Amino acid sequence: MAVSAPFSFLKNRKHNLDRMTLGDLVYSFFTYYAVVAYITVGVISLALAVKWFENPLRMLLAMLAASVVFPFGWYLVHKHILHSRFLYKSPLTASTWKRIHFDHHQDPHDLRVLFGALANVLPTVAGVIAPIGYLIGGKAGAAAALGWAMVITCFYEFCHCIQHLNYTPKSRFLKDIKRLHLSHHFHNEQGNYGITNYFWDRLFGTLYEKSGDRPKSPTVFNLGYTAEEAQRYPWVDRLSGGTRGDGHPRRFWDNAGTPGSTPQAPAEPVTRQEG
Ligand SMILES: [Zn+2]
Ligand SMILES: [Zn+2]
Ligand SMILES: [Zn+2]
């Protein structure tokens, strides 16, 4: 996988979030190329917002709009695009879908596929947020909204890391969002689509607080890309090197650095319950 090459932490077993400490994670996070890019774009945008500063109320409104639109946009993308069943049905979109969501559900502990891909996230966020900011407050509004959206993106990605790290957060907020996101991964994937913000789940009826509120989903790890679907639409399966699985994900555990090689038994017994 091209994205993993420049980073030493990705070449060893530490890409497995089950085996990382919070310190390892903070280091990995702030040296990750996409996060470095978000911080860079964010700093430049906020500097431009200061340079072009005009109507502070409009700039504030633009940032507020980014705070509302971002979680709503994520909710829509996650529910209606990442969890829809059309992206694996075409060879044109199969590899993107595999990278941006299938692999993450197949192995939620793999840091290499935990982050959104920069090439998808940045144009999407900028393409939605900057025009909204511009409509509200001109170029100063656009710069302020985009800069703020980069802060939100980093916050999202960091919280998502914490959710998959083998670590119990002390803060109530982090504990709650971690529980809800892990139930999306280990209990029923057709709900709890938010990462840090479950307002839209609440509004559209996709929030479930406890595992008992929803049946256990048989497609929670394969997102509906079952063995039968893999026969009809083989592209994702081919790219996975035949490691497609339906049960508790362990496929990357013992072939660090070579996803796609023959899956092996886990090195250690599973001592932790999730979801
Ligand atoms: Zn996740
Ligand atoms: Zn998902
Ligand atoms: Zn696990």
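Restricting region 44-62 to residues that are open to solvent by 60 Å² or more (accessible area, probe 1.4 Å) and closer than 16 Å to ILE129 by Cα leaves a set whose member that is farthest from the chain's Cα centre (by Cα) is ARG58. Of all the listed residues (ASP201, ASP176), the sole one being at pLDDT 95 or above, in contact with a Leu (Cβ under 8 Å, 6 or more places away or on another chain) and within 16 Å of ligand 1 (Cβ to nearest atom) is ASP201. Tallying residues that are of a type in the set (Ser, Thr, Tyr), open to solvent by 10 Å² or more (accessible area, probe 1.4 Å) and either out of contact with any helix residue (DSSP H, G or I) (no Cβ under 9 Å at 6 or more places or on another chain) or part of a loop (DSSP other than H, G, I, E, B) (or both) within region 200-215 yields 1.
Counting only helices (runs of 4 or more DSSP H) that sit wholly inside region 103-199, those with at least 2 residues that are within 16 Å of ligand 2 (Cβ to nearest atom), out of contact with any His (no Cβ under 7 Å at 6 or more places or on another chain) and open to solvent by 10 Å² or more (accessible area, probe 1.4 Å) are 118-164, 172-186. What number of residues in region 91-102 are open to solvent by 30 Å² or more (accessible area, probe 1.4 Å) and over 15 Å from the mean Cα position of the chain (by Cα)? Residues meeting the conditions: 4. If the condition is being surrounded by fewer than 17 Cβ atoms within 10 Å (Cβ to Cβ) and of a type in the set (Lys, Arg), then region 218-244 contributes ARG232, ARG238. Is it fair to say PHE29 is more than 21 Å from TYR225 (Cβ to Cβ), surrounded by fewer than 16 Cβ atoms within 10 Å (Cβ to Cβ) and either within 16 Å of ligand 3 (Cβ to nearest atom) or not charged (D, E, K, R) (or both)? In short, no.
Would you be able to say whether some residue in region 255-267 is of a type in the set (Gly, Ala, Ser), at pLDDT 50 or above and in a loop (DSSP other than H, G, I, E, B)?
no
Return a yes/no flag: does region 63-79 have any residue that is of a type in the set (Phe, Trp, Tyr), free of Cβ contacts under 8 Å to residues at least 40 places away in the same chain and either surrounded by fewer than 21 Cβ atoms within 10 Å (Cβ to Cβ) or more than 16 Å from ligand 1 (Cβ to nearest atom) (or both). Checked region 63-79: no residue is of a type in the set (Phe, Trp, Tyr), free of Cβ contacts under 8 Å to residues at least 40 places away in the same chain and either surrounded by fewer than 21 Cβ atoms within 10 Å (Cβ to Cβ) or more than 16 Å from ligand 1 (Cβ to nearest atom) (or both).
Cβ separations smaller than 7 Å between residues 6+ apart or across chains give the following pairs from region 98-112 residues that are β-branched (Val, Ile, Thr) to residues that are more than 11 Å from ligand 1 (Cβ to nearest atom) and assigned to a helix (DSSP H, G or I): ILE100/ASN120.
The values are calculated or read from the model by the stated rules, or taken from the named source; none is laboratory data. Everything numeric in this text was worked out from a predicted model, so none of it was measured. Ideal geometry is used to build each Cβ from the backbone, glycine not excepted, and the neighbour counts take in all protein chains shown. The area values use the complete protein model at the heavy-atom level, side chains included, leaving out ligands, DNA and RNA. Shrake-Rupley method; radii C 1.70, N 1.55, O 1.52, S 1.80 Å.
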